[in-house]
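Below is one structure; the comments refer to it alone.
The values are calculated or read from the model by the stated rules, or taken from the named source; none is laboratory data. Quick caveat: nothing in here was measured; it's all calculated off a predicted structure. All Cβ positions, glycine included, derive from the backbone under ideal geometry; neighbour counts span all protein chains shown.
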Amino acid sequence: MRLHLNTLFLLVCLIALEQSCVPANTKENTSISVSFEDISVQKLINFRVSQNIDSLASYADSENITERYLVAESLASIKDSRSEDILNRMLSNETIGAVREMLIYALGQQGNIDNTDFLITAFKQRDTASVDNPTNGAVLESCGKIGDESILKFIATTNTYLPTDSHLIINQAKAIYRFGLRGIHSEDGTAKMVGFILNESIPSEGRLYAAHYLSRTKNLNLTPHQFRIANQFVKEKNTDVKMALALALRHANGNVDVYQILKNALELDDDYRVKINSIRALQAFPYNDTLMSQLLVDPNPHIRKTVCQYYASATGDKLYNSIRQKAKTSQDTLTAARLYSAYFQQIPYYFSKSRNAARFEVTNLLKAKPGKFIESALLRALGHDIQSYTLLESVFDTTTQPILKTAIASSLAKIITSDNFDAVFNASPKYARKKLLEFVEKIVDDKDVGALYEITPVFSQPNFATVIENDTFLRQALKSLTLPRDIETYKSVFEALNILNDTTQNLDYSLDSRPMNWEEVNTLSDSTYFIVKTTKGVFHINPLLTSAPQSVSNFSELVVDDFYDGKIFHRVVPNFVIQTGCTRGDGYGSLNYTINSEFSKTYYNSEGYVGMASAGPHTESAQWFVTHSPTPHLDGRYSIFGKVSTGMDVVHTITEGDTILDIIKVN
């Protein structure tokens, strides 16, 4: 059956080839109108929120186009075999293009390869003379999410789409990219994506996904293409594409010409994000201390942070001596903390005297009380120094700061699971593990939700598990957690118990999503926006109410209640995201309710998208993030509920510890 349908798919491609291009799109009047004042719309959204699949199914054959569309959009967020049955049945009967697109998108979201045949059939559903480009484009992307190598071959070797066939070209690129994210790639696919990059007449979104394929797909062989990619990187005018191409050049096998191109970008490019990705790419090339030393004092804190990460993984003769000297002389304590982390990762474990001296230097920095974020960075640095466990325990015994407890637990977990543990404690590693078990039990008994999450990796360490005689302390900690507020830690501790006891018990809990607040929705309109005032300046968020009504109304309600006032940006990843909304300041603080994930055909294809942080599907609550640049690997995985309209310059300056002063809702 699969072979027959795949052959039909190939015939469609051959027909398109025979015609030289796909005929023009024939648009239909879909008349989709989502009004939140409409009672039936409210019912369907309520069914989505409660994940009431049976009730959604009762609208699958509605004569109302908007209702059918909302059923499809709702099921895109609900991964369930019953959803698949409904979607496949609806798709076989649906004639309206926009509804078909959403049904196809939703099928791809299910992640089930068995749905590939339905997608292929949908591609050939219409006569070639009236082919619908957006619908067929949606089929291509969804095939990329669930198809196998044979489907990739058909998509990658289709050469009939012209640059003007934008829906098809863009989704062909998205499809190959989605395959790449799943670890499925081919020489044909790579060649196709390189061709998209080099052809500047290809729609920019298609080139963007092609560039991200080259930068994010693992184990790609780009050697045959490296010089063309490097040349395009030099002349590329689209910054979003250029950023991704910089990362792709890490696959250049240390070529000296490519190295020089990346080095030039660090000196000449004005966009800090291109520089950051160039630094990351240079990790695959020989170490250059002079270049990195200059960047270490760059005014941009994101660049300084990235350089410290570079030092942690760079290779060079006795590199650690240079790193420690930089740490000792740094005028910026946070940079010093990150350099000490790199130092401990670089220096051999048996250089005990040097490690002792560096540990003493870190201790003195901690005694100066430089602030909880810097102290957290110093404590995390100690996780790469096995003998630091006594220092970590002394700080744990005296601190009340959640962020420090979390950092200490993270470091202790690194120490216990280190590959060098037995070598450091060569006299009696088992005794050392028993001694550290007392510290682990202390952290577990403290029941700090962040520290508890961070310590759980130790229970999957086989040698450490052998010294644990009783898991009662861990079971008691599990009982102390509050659901749904602590769901991330609950999952982690539960899995640790499974590993520890060699069991496969399933989680037994139910997370009921918070009901829709329709009163809050009624206060929102197309002209509503939010002014976010921070210690670094102001930026504005335009909410995407139609595609994420629960996320937007939840955010709006929290804004009206002044919940976000005083919240810090606890997580900042250079050229990725800034994140806030944590009640604790370490990323493990939440509210005691969840809202549903909301996935529709919105994409992280530019900077400034505002998304909901989560610990898995339907676990969103109060934390949210803003992207520094396109992040298409988040597509369909994290709800998008807004877009920064003004103030991205402010977003780019925010670092860990910066604070939200106020958020104002404006109608």
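Annotations
- Some residue of region 517-532 being more than 27 Å from E73 (Cβ to Cβ) and touching a residue at least 12 places away in the same chain (Cβ under 8 Å): yes
- Being buried (at least 21 other Cβ atoms within 10 Å of the Cβ), part of a helix (DSSP H, G or I) and hydrophobic (A, V, I, L, M, F, W, C) is a property that holds for A377.
- In summary, helices (runs of 4 or more DSSP H) completely within region 157-256 and bearing 3 or more residues that are farther than 22 Å from R280 by Cα and either at pLDDT 95 or above or not small (G, A, S) (or both) occur at 166-181, 187-198, 204-216.
- Residues that are assigned to a loop (DSSP other than H, G, I, E, B) and under 21 Å from P301 (Cα atoms) do not occur anywhere in region 610-627.
- Out of P457, P429, P462, sole residue that is under 32 Å from the mean Cα position of the chain (by Cα) and either surrounded by fewer than 17 Cβ atoms within 10 Å (Cβ to Cβ) or not assigned by TED's automatic domain parsing to the domain that holds T400 (or both): P462
- Test: N288 is polar (S, T, N, Q) and at pLDDT 95 or above: no
- Positions within region 613-634 being touching a Gly at 6+ places or on another chain (Cβ under 8 Å) and β-branched (V, I, T), in sequence order: V626, T627
- Residue list for region 296-332, filter: outside any helix (DSSP H, G or I) and of a type in the set (G, A, S): A314, G316, S330
- Residue that is modelled with the lowest pLDDT [pool: residues in region 574-603 that are over 30 Å from K275 (Cα atoms) and of a type in the set (S, T, N, Q)]: S600
- The lone criterion from (1) within 12 Å of the chain's Cα centre (by Cα); (2) crowded, with 21+ Cβ neighbours inside 10 Å; (3) not in a loop (DSSP other than H, G, I, E, B) left unmet by H633 is number (2).
- You will find that of D298, D317, the residue that is of a type outside the set (S, T, N, Q) and under 30 Å from V651 (Cα atoms) is D298 and no other.
- Residues in region 257-295 that are of a type outside the set (D, E, K, R), assigned to a loop (DSSP other than H, G, I, E, B) and within 25 Å of R571 (Cα to Cα): Q283 only.
Results for (1) surrounded by fewer than 24 Cβ atoms within 10 Å (Cβ to Cβ); (2) not small (G, A, S), shown as yes or no for each residue.
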residue	(1), (2)
I151	yes, yes
A156	yes, no
L162	yes, yes
F179	no, yes
H185	yes, yes
G195	yes, no
L198	yes, yes
T223	yes, yes
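- Every condition in (1) over 30 Å from the mean Cα position of the chain (by Cα); (2) part of a helix (DSSP H, G or I) holds for K369 except the one numbered (2).
- Among helices (runs of 4 or more DSSP H) entirely within region 390-505, having at least 1 residues that are under 21 Å from S341 (Cα atoms) singles out 402-416, 421-424, 449-455.
- Residue in region 614-626 that is surrounded by the fewest Cβ atoms within 10 Å (Cβ to Cβ), counting only those that are under 24 Å from K174 (Cβ atoms) and at pLDDT 95 or above: S614
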